[in-house]
Structures are given as C-alpha cells and as structure tokens.
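Report on the structure given below.
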Amino acid sequence: MPIDLHSHTTVSDGALSPKELVELARKRGLSVLAITDHDATDAIEDARRAAAPGLEILAGVELTVHVAEREAHILAYGIDLRDQALRIALEDLARRRAERARAIVERLVGLGIEIDFADVMAASGGGTIARPHVARALVERGHASSLDEAFRRWLGRHAPAFVPKQALAPRVAFDLVKSAGGVGALAHPGTFRRDDLIPVLVEAGLEALEVRHTEHSAARARHYEALARDLDLLPTGGSDFHGTPGHRSRLGRPVVPDAWAEALVARIHTPR
Ligand code: AMP
Ligand code: MN
Ligand code: MN
Ligand code: MN
C-alpha cells in the first residue's frame, strides 16, 4: 500500500484542508500519511479524526534551519503534539512569519504595488503565513498572472521584495524535535544542493534523509540512497504534496518502500 511521508494542508501553504487531504489519501489507498506543514501541527488532530482505521496519520512538521547562510528544511516525524517547548517554538515562528510578511508587503508597497497585509492574511486562512499567500494576493490584485510569476517577479530569493525567513540553528531544531520524541530528516536534499553540509547537520542531530521526492530524478534518489547508507541515516521519501496550481506533486508519489516507513516509525520515541 502506498505511503507518503511529506504533505501540506491549508494549515500552511497546501490547497486541501486536513479532512480533504485524508479523503484523497483514502482514494489513493495510502496506509501511512505524514502531514508536515511548515512550522505548524494544527492539521494532525483533524486529520486523525477524519482518517479511517486503515490509514495511519504520522505527526510531522517542516522546520527551516540556517546552515552556512543557506536555508535547509528539516522534516520532524513522530513529535508529541503536547510538548510544551515545541509548541512555544512554533508560536514564536508564527509570530516571526507574520512580521516577515508585513516587511514583504512594505517592500511591495515601496515598489508601487497596491497590496494590503489584510489580503495576505485572508489568503493564509489563519494558519502559517508563507510566501505563496503573498503570491496569491498579488495574483488576485492582478500584479502577476500565476504564483510562479509572482515568485519570479517579486518574491523569489533574487527578486526585489525578497525578505529572508527567520530560521532556527540546526542544533536548536534537532534538540526541540528530539525532546518532543521525534526524528529529524533533511527534506529534498536535491533542491538544497549542498551535500557538503549534510555532515554538519548530522553533527547537530540529523537522523534521516529524504531520498525520494517529487523534485528528485531516479539518479538523484539513487545518489541519496547511497549517501544515507554511508552516513548511517534512515532513508525516507514523500511527494511534498501541496495541491496548489503549478505544484506538480502527486499524493503517494514517488513510491516509498514499506520498510523505510517501518524503520522510521521504530525510531520514534513518542507513544502513539
Ligand atoms: P516561505 O516558507 O514563506 O519562504 O515560502 C516557501 C514556500 O513557497 C515553499 O514551501 C514552496 O511551497 C513555495 N514556493 C517556492 N517557490 C514557489 C514558486 N515558484 N511557485 C509557487 N510556490 C513556490
Ligand atoms: Mn510549501
Ligand atoms: Mn521544503
Ligand atoms: Mn514541504
């Protein structure tokens, strides 16, 4: 039965609500689905309530860390949702994301774009505020024809309204994840493109590597499978499903071996 260890909902920048995502997972016949919204875990309980017995919802979150001035994404699996330190850290990240979105809006206004922070808030639906929500507001106001164009013209790393995201130090992130009973994986190393920095993350507490991902070619996946073996990291995989227009991820793809999910779940310390 298919497994997907990387997915987003409306709680961050996905298009489907937790309930709708679970419904799609049921249609695709998934046996395990990890929900890994950016900086937020609010989808997990709703998803568990909506899931039929044959579908296990694995609690996850995608955190951003800074390493050598680069942004790396860490997928935390099996975290205890009641863990106080993690909850406080996620609340703080949410506040910082809101401040950043305000700064992006200010830049856009400075560039002569008519946009309001309220537009961005409305697009975020009250969950994690991310750049795709600013992009959606830009499209709705007619300043770009697609999310992709909004990123290219305004929001991308080299575009005029780019504001960097606040991120955790790797050690802080992995300590939080571990004390909440979870296991940390490096997300999409193929888009991070800094294999040389992976040992630094291992030193800080990294335990797994996302070998299979929508953005990884077969050759890249083989490369990361070998690297995971060499570095003694657990292999994981997922679609990074967002369900938004222009995002080419498909839930349940690429295929993730049962044994990978089993080994990951066995490493988790949170009682479920
Ligand atoms: P943020 O976390 O606020 O920096 O926003 C990053 C998110 O933007 C990523 O998680 C992607 O889902 C999304 N993203 C990045 N580039 C694009 C793009 N060209 N079009 C649409 N979404 C994008
Ligand atoms: Mn995203
Ligand atoms: Mn990511
Ligand atoms: Mn993701």
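What follows draws every value from the coordinates through simple rules; no lab data is involved. In this text, all values refer to a predicted model and were calculated from it rather than measured experimentally. A quick note on method: Cβ atoms are made from the backbone with ideal geometry, for glycine too, and the neighbour counts reach across all protein chains shown.
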### Query
What translational D, rounded to a whole number of µm²/s, comes out for segment 101-160 from Stokes-Einstein when the hydrodynamic radius is the Kirkwood one over Cα pairs, at 20 °C and 1.002 mPa s?
193 µm²/s
### Query
Under a plain spin-label model, where a point goes 7 Å from the Cα along Cα-to-Cβ, how far apart in nm are Glu225 and Ala52?
3.1 nm
## Note on the structure
Magnitude of the Cβ-charge dipole (Lys and Arg +1, Asp and Glu -1) of the chain about the Cα centre, nearest 20 debye, reported as 400 debye
### Task
Sort Phe117, Phe151 so that the residue with the fewest other Cβ atoms within 10 Å of its own Cβ comes first and the one with the most comes last.
Phe117, Phe151
### Query
Which distance in nm do the two modelled labels at Phe162 and Arg250 give, with both placed 7 Å along the Cα-to-Cβ direction?
3.2 nm
### Task
Give the dimensionless ratio obtained when the Cα radius of gyration of segment 1-145 is divided by 2.2 N^0.38 Å.
1.14
### Message
In segment 148-272, if the dipole is taken from +1 on Lys/Arg beta carbons and -1 on Asp/Glu beta carbons about the Cα centre, which of His158, Leu197, Pro254 is farthest to the positive end?
### Response
His158
### Message
Can you tell me how segment 224-272 classifies by the Cα gyration tensor, rounded, prolate or oblate, using a/c under 1.5 as the rounded cut?
### Response
oblate
### Task
For the chain, just the Cα set please: Rg and Dmax, both in angstrom.
18.0, 53
### Message
For a quick check, take a GNM of the chain with Cα springs below 10 Å and name the residue from Ala169, Ala47, Ala76 with the largest mean-square fluctuation.
### Response
Ala169
### Task
Can you find, among Ala219, Ala52, His143, the residue farthest towards the positive end of the dipole of the chain? Put +1 on the C-beta of Lys and Arg, -1 on that of Asp and Glu.
His143
#### Entry: Nearest 10 degrees, 0 to 90: helix 258-267 Cα axis against the chain principal axis
90 degrees
### Principal-axis tilt of helix 170-179 within the chain, Cα atoms, nearest 10 degrees
50 degrees
### Task
Could you work out the relative contact order of the chain, using alpha carbon pairs under 8 angstrom and six or more residues apart, expressed as a whole percent?
22 percent
### Gaussian network model of the chain, Cα within-10 Å springs - most flexible of Ser31, Ser249, Ser217
Ser217
### Task
If a/c stays under 1.5 just call it rounded; otherwise compare a/b with b/c (prolate if a/b is bigger, oblate if not). Do that for segment 164-272, with a ≥ b ≥ c from the square roots of the Cα gyration tensor eigenvalues.
rounded
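Expressed in nm to one decimal, what extension gain is obtained for the pair Arg28 and Arg82 from 0.36 nm per residue of sequence separation less their Cα-Cα distance?
Gain on stretching Arg28 to Arg82: 16.4 nm.
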